Structures are given as C-alpha cells and as structure tokens.
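Scroll down for the structure; my scribbles are underneath it.
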Amino acid sequence: MRIEQFELERWQSVWENQVELNLAESGVEPFHLRELFADPTELEQLLALPLGYPQTNGSEALRAHIATLYPGASAANVLVTCGCAEANYLVVWALVEPGDEVIFMQPNYMQIAGIARAFGAQVRPLWLREELGWKPDFDELRRLVTPKTRLLAICNPNNPTGAALNTTERKQIAAAAASVGAWILADEVYRGAELVGEMTPSFWGSYARVLVTAGLSKAYGLPGLRVGWIVAPPEWAEKLWGYHDYTSIGPTAVSDYLAALILEPARRTRVLARTRRLLTQNYPIIRDWISRQQGFLSHIPPAAGAIAWVRYQADWNSSEFAEALRRKKSVLVVPGDLFEMDSYLRLGYGGDTGKLRQALARVEEMFAEYPLSPPTVPSARKRA
C-alpha cells in the first residue's frame with residue numbers, strides 16, 4: 001500500500017510550534033493540567049496512578065461517559081482510540097476494499113480521502129456549496145451514490161467551514177446511504193463547539209449503518225491527551241477493537257484516567273462552557289476584522305468550531321501567500337489549496353484573544369505588502 005503525502009497535516013505539524021502566532025489551530029486554547037484539578041486530592045490520585053496497560057478499548061468509566069453523548073448508546077457501543085484520527089483510520093481500514101467508492105464531503109480535513117485512496121477506493125467528492133451556506137446539493141448527492149458506494153464520509157460540524165447540517169439534511173444523507181446499503185462515517189469532532197444554541201445533534205441513531213468518530217482535541221481543548229472514540233453497533237465496536245489491536249493497542253493510562261474525569265457530566269459542562277466563552281469572545285474580533293477589509297475578504301459565519309473559512313479577492317496561490325506570511329510575519333494560517341480550494345484561508349480564532357489581535361494585524365500588513373495585491377481592490381495595499 002502506498003500513501004500520498006498528507007500535505008495539510010504536514011504543513012501544520014512542521015510549522016505550528018515554530019511561529020510566534022498560530023492561526024492554523026482549529027481547536028480552542030488548550031487546558032493546562034493544573035486547570036483541570038480544582039480539588040488537590042484529584043491531583044494526588046493522578047500522581048498515584050500506576051503506569052501500566054489500561055483496558056485497551058477504554059475503561060468502562062470512560063466509555064460509559066462517552067456513551068451519554070449519544071442517545072441510546074452504552075459503553076458496549078464505544079471504542080476508545082488514539083485521537084479522532086485513529087478512529088477515522090480504523091473505520092476506513094475495516095470497511096473499504098479496492099474498487100469501492102467513497103463519497104467524501106469537501107472541503108474537509110483530508111485524512112479520510114487519502115486513506116481511502118491508499119486502500120484502492122475511488123473517492124468521489126461531495127462539494128459543499130458556498131451559495132447554499134456551505135451545505136451540499138442533495139440532488140448531486142443522489143447522483144453520486146451508486147451500488148459501488150461503500151461509505152459516505154461526513155464532517156459535521158464541518159472543518160473548515162464551520163457549517164452544521166440540520167435534521168432534514170441529516171435525514172437526506174441517511175436516505176442516500178440507505179438507498180444502496182452504504183455506511184456513513186460521521187466525523188463529529190467539532191460537536192460541542194457551537195457558538196450559540198444546543199449541541200449539534202449527532203448522526204448516531206439516524207440510520208442503522210452509522211459509525212460516529214469524535215474526540216477531545218477540538219471542542220474540549222485537550223489535543224495533547226490524544227483521546228478519540230468510535231461509536232458503533234456493539235458487534236462493530238468489537239470488530240473495530242480487533243483492528244485497534246494492530247495500531248495503538250489502547251489509550252495511555254494517564255489519558256484514559258483524565259478523559260474519564262473530564263467527561264464526568266458536571267465537569268464536561270464546565271469544559272464546554274469555557275469553549276463557548278472563548279468562541280463568543282473571539283469570533284466578533286475576526287468577524288469585524290473581515291468586514292473592515294472593504295470587500296477584499298468574505299466569509300459565511302460558522303455555526304461551530306473555532307475556525308473561519310475566508311475567501312480573498314485576489315489571483316494569489318493560497319500556499320504561496322501562507323508561506324510568505326509565515327516567513328515574513330511569523331504567522332501560520334492554513335491555505336485553502338490544502339483543502340483543494342484555492343482563494344481561501346482557514347483562520348483559527350479559538351486561542352488567546354491578545355495573540356489573535358496581533359496575528360490578524362500581521363495578516364493585514366501582509367495583504368498590503370504582498371506583491372500581487374489585486375488592482376480590482378486598490379485599497380488592499382493601503383490598509384493600516
């Protein structure tokens with residue numbers, strides 16, 4: 001099996017710790033360990049934890065807490081993984097064979113598409129449409145589905161647009177999958193990072209052949225724990241555990257312990273409330289900054305996630321601009337062409353408020369200095 005270079009992940013992994021200001025992050029400001037322990041006795045309990053092998057599919061306590069996020073689920077439906085990335089990998093590995101077709105929502109984090117192609121599948125993009133508020137065209141979806149369709153890969157809420165599907169839209173996706181007996185892989189790692197309203201309803205329970213993946217990296221501000229999960233019918237949770245035995249084997253003892261602590265309902269509520277405070281505090285800053293660019297920038301407000309998917313009005317290659325911004329201003333953004341959509345930038349706004357303002361000011365400086373500023377927007381070079 002040969003895999004293609006995962007350009008999106010490599011861009012972030014190489015540079016995110018080497019710039020002064022990082023707008024490439026798609027989650028919220030990460031917790032420090034001391035913030036998680038209001039009670040000193042809890043820290044002592046952590047320090048007394050033996051560092052042996054934990055239950056490899058996740059402890060009963062952790063799986064039970066995860067199950068409460070999915071109506072009708074129990075611990076038997078849950079497999080704990082090393083981040084949502086491993087969860088997605090295991091699902092594609094278990095389901096996809098050479099010659100299968102995978103319908104892949106785009107734009108999207110490109111992991112699933114790359115894995116599916118490596119396993120010999122034909123990947124057919126289901127493009128989200130800006131004119132539809134970053135929703136799919138469901139007539140197009142029905143045309144894409146064929147008897148060879150094995151998997152529909154959905155990201156909801158979506159990375160990078162921040163759009164979330166409503167009940168009717170989720171039902172249409174489930175109906176399209178059911179028409180050919182395909183599976184749905186619903187990556188819901190941004191669920192819980194909504195700016196307003198309730199948590200986005202899960203795809204879980206909408207259709208018999210649904211596998212949900214998620215984790216603590218985005219909405220919970222805990223990417224360093226590397227805790228993810230799959231929610232599946234019990235026989236599939238058991239089957240996927242067998243694949244998991246060949247990869248990371250299990251979570252670390254510390255990660256399992258901390259994840260179970262954090263997902264206890266009362267603490268989980270506090271963690272997600274912090275996430276919403278960060279988003280509602282910082283989103284107006286980036287929204288107003290975009291509006292000040294006099295038509296050079298535009299975006300559709302995200303429903304969830306700490307990311308803005310921003311279109312610019314210039315004939316620039318997004319990766320070339322992002323590289324110049326990194327070198328000259330020490331600011332990291334994600335260029336749109338890494339999502340196979342040039343003329344866009346993904347800007348993260350879930351971090352420190354002061355650093356967000358600094359980073360946006362430097363991006364604006366770069367717009368003024370970049371040599372290919374478009375003649376159709378003459379003010380772009382003159383903005384302070």
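The values are calculated or read from the model by the stated rules, or taken from the named source; none is laboratory data. Quantities reported herein were computed from a predicted structural model and do not represent experimental measurements. Note that each Cβ is placed from the backbone with ideal geometry, even for glycine, and that neighbours are counted across all protein chains shown.
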Report summary line: Here the residues within the range 211-236 that are more than 18 Å from the chain's Cα centre (by Cα), in contact (Cβ under 8 Å) with a residue 12 or more places away in the chain and surrounded by fewer than 24 Cβ atoms within 10 Å (Cβ to Cβ) are Pro233, Pro234, Trp236
Query raised in the report: Based on what the data block shows, is Ala266 touching a residue at least 12 places away in the same chain (Cβ under 8 Å) and of a type in the set (Gly, Ala, Ser)?
Result: no
Query raised in the report: Just wondering, is there one or more residues in the range 71-78 that are within 18 Å of the chain's Cα centre (by Cα), buried (at least 19 other Cβ atoms within 10 Å of the Cβ), under 21 Å from Gly181 (Cα atoms) and of a type in the set (S, T, N, Q)?
Result: no
Query raised in the report: Can you tell me which of Arg267, Arg274 is more than 19 Å from Leu46 (Cα to Cα) and part of a helix (DSSP H, G or I)?
Result: Arg274
Report task. From the list Arg63, Arg34, pick out the single residue that is over 24 Å from Tyr109 (Cβ atoms) and touching a strand residue (DSSP E or B) at 6+ places or on another chain (Cβ under 6 Å). Result -> Arg63
Report task. Considering every residue within the range 47-56, establish whether at least one is outside the structural domain of Gly336 (by TED's automatic domain parsing), polar (S, T, N, Q), in contact (Cβ under 8 Å) with a residue 24 or more places away in the chain and closer than 29 Å to Glu97 by Cα. Result -> yes
Report summary line: Over the range 237-259, the set of residues of a type in the set (Gly, Ala, Ser) and surrounded by fewer than 19 Cβ atoms within 10 Å (Cβ to Cβ) is Gly242, Ser248, Ala253
Query raised in the report: Does any residue of the range 185-194 turn out to be hydroxyl-bearing (Ser, Thr, Tyr), part of a strand (DSSP E or B) and crowded, with 22+ Cβ neighbours inside 10 Å?
Result: no
**Report entry** Pairs, first at pLDDT 95 or above in the range 60-74, second assigned to a loop (DSSP other than H, G, I, E, B) and among the aromatic types (Phe, Trp, Tyr), C-beta under 9 Å, six or more apart
**Finding:** Leu69/Trp204; Tyr70/Trp204; Pro71/Trp204; Gly72/Trp204; Ala73/Trp204
**Report entry** Lone unmet requirement of (1) buried (at least 21 other Cβ atoms within 10 Å of the Cβ); (2) small (Gly, Ala, Ser); (3) touching a Ser or Thr at 6+ places or on another chain (Cβ under 8 Å) for Ala64
**Finding:** (1)
Report task. Out of the residues in the range 260-299 that are closer than 30 Å to Leu79 by Cα and small (Gly, Ala, Ser), state the one that is surrounded by the fewest Cβ atoms within 10 Å (Cβ to Cβ). Result -> Ala266
Report task. Grab the strands (runs of 3 or more DSSP E) fully contained in the range 85-183, keeping just those with 3 or more residues being more than 25 Å from Leu345 (Cα to Cα) and in contact with a Leu (Cβ under 8 Å, 6 or more places away or on another chain). Result -> 149-155
